[in-house]
Each structure stands twice: as structure tokens, then as C-alpha cells.
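The structure appears below as C-alpha cells.
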Amino acid sequence: MPEQTRERIVEAAYQVLAREGYDATSVKDIALAAGVAPGLVHYYFKAKEDLVVAAISWACKDHSEPDGRSPEEQALNAFAGSKAELAGPREFYRLLFDMFGVGMHNPAVADVLRRFVRDDRARIERLAHEVLALRENRGADAVPAIAAAVWGGVFGIFLQSLVDPELDAGAAMDAFARMVMTST
């Protein structure tokens, strides 16, 4: 039961933080969303920052499943998945970018974000290595740089879509996918 309560608080924190942003969210708001007393939130999390770190960690969990498709199909599917996310609610990305700002001044938040970025890039690296292995005259030494560029490109499109709603982010993602897949 205590672990379920903690998990409910963390999920509520994620939802409220993603909707309202870090500065506009109080522990009371999170407690209300979780259906618990504010004191119970403080029992599990000594400070708001501790709760934010838990919410970011929860949201950054890898939910992907390996499948039997070819590496190129998996890469194209990943781009298609990102494009689909652009068409829906983007609370995770709103929270993530908000937390990048917080992480500039909060080492605990920065550490969680650093791990998320490194883990995400590692997944991209594994896939890029598999894609390049299928192609002639392509060296694996470029894989870390390719993964960093792909990560930056995808998240850059998400950031642009949040600050410029008129951007055709889906077309940008399609163009980026074509660039990556034809140049690797």
C-alpha cells in the first residue's frame, strides 16, 4: 500500500507539473490531484524538488519493446512515433523543457535529466549502429555523433512546436527522418 500511494503521488505530480509547469505547481496542488493530504506528500518527499525528480524519472522510463522488424524499419517507426506524438498532447515535452531550465540551477534535477538524455541517446546509438552495419562504406565510429544529432533534431522539433504552434512539425519530422535515413 505505501508503494502504491507513493506511485499515485508521483503520477499526480507528473500530470500537474506537465499541465501547470514547475513554478505554478505547489505541493498542495499535487496532493489534491493524488487524493492525499499534503502532509502525506511531505512524508514521502521532503522537498518539492525531490518530488519533481521522482516525477521526471517516472516519465522518462523506457516504455519501448524490442520487435522483430529490421533496424531501418525500427528507425522509421521511431520517427513515425515521434511524428504521432507531435499531433497529440505534449505534456511530457513541456515538462521536460521546463525541467531543463530548473536543472540549470538544481543539481538533482540536472542529474536525472542527464541520465534520461544519455539513456535515450544510447537507444538511438544501438539502432544507428545496426542500421549502419547493413550499409557498405559506413563506419561505426560516427555512431555517437549521429545519435547526438538525431536526439537534438527530434527534441528540437518538439521544442519548436511548443513555442511556434504554426510550425508544421509533422512535415519537419518527415523531412528530418528523410535526411537521417538517406545520409546514414
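I want to verify the translational diffusion coefficient of the chain in µm²/s; compute it with Stokes-Einstein, Rh as the Kirkwood radius over Cα pairs, at 25 °C and 0.890 mPa s. Display every interim value, and only then the final one.
Values: Rh = 18.0 Å.
In µm²/s, the coefficient is 136.
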Item checked: Helical mean residue ellipticity (222 nm; -39500 (n - 2.57) per DSSP H run of 4+; nearest 500) of the chain -> -25000 deg cm²/dmol
Margin query: Between PRO144, PRO71, PRO165, where does the largest GNM mean-square fluctuation fall for the chain, given springs only between Cα atoms within less than 10 Å?
Written below: PRO165
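Keeping to pairs on different chains or 8 or more places apart, tell me how many lysine pairs in the chain have Cα atoms under 21 Å apart. Intermediate values should be presented prior to the final figure.
Details: LYS28/LYS46; LYS28/LYS48; LYS48/LYS61; LYS61/LYS83.
Lysine pairs, 8 or more places apart or on different chains, close enough: 4.
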Checklist line | Residue of ASP164, ASP98, ASP50 that the Gaussian network model of the chain assigns the largest fluctuation, springs spanning Cα pairs under 10 Å | finding: ASP164
Check: In degrees, nearest 10, range 0 to 90: what is the angle between the Cα axis of helix 48-59 and the longest Cα principal axis of the chain?
Finding: 40 degrees
Note to self: If I take R0 = 30 Å and measure r between the Cβ atoms of ASP174 and ASP141 in this structure, what FRET efficiency does the formula 1/(1 + (r/R0)^6) give, to the nearest 0.05?
What the structure shows: 0.60
Next item on the list: Compute the long axis of helix 91-103 from its Cα atoms, compare it with the longest principal axis of the Cα atoms of the chain, and write down the angle in degrees, 0 to 90, nearest 10.
Entry: 80 degrees
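Run the numbers for VAL163 and TYR43: contour at 0.36 nm per residue of separation, minus the present Cα-Cα distance, in nm.
Numbers: separation 120, 0.36 × 120 = 43.20 nm, distance 3.67 nm.
That pair, VAL163 and TYR43, stretches by 39.5 nm at full extension.
Every read-out reported here was derived from the displayed coordinates using simple, explicitly stated rules and does not represent laboratory data. Keep in mind it's a predicted model, so treat the numbers as computed, not measured. Note that we place each Cβ from the backbone using ideal geometry, even for glycine, and neighbour counts take in every protein chain shown.
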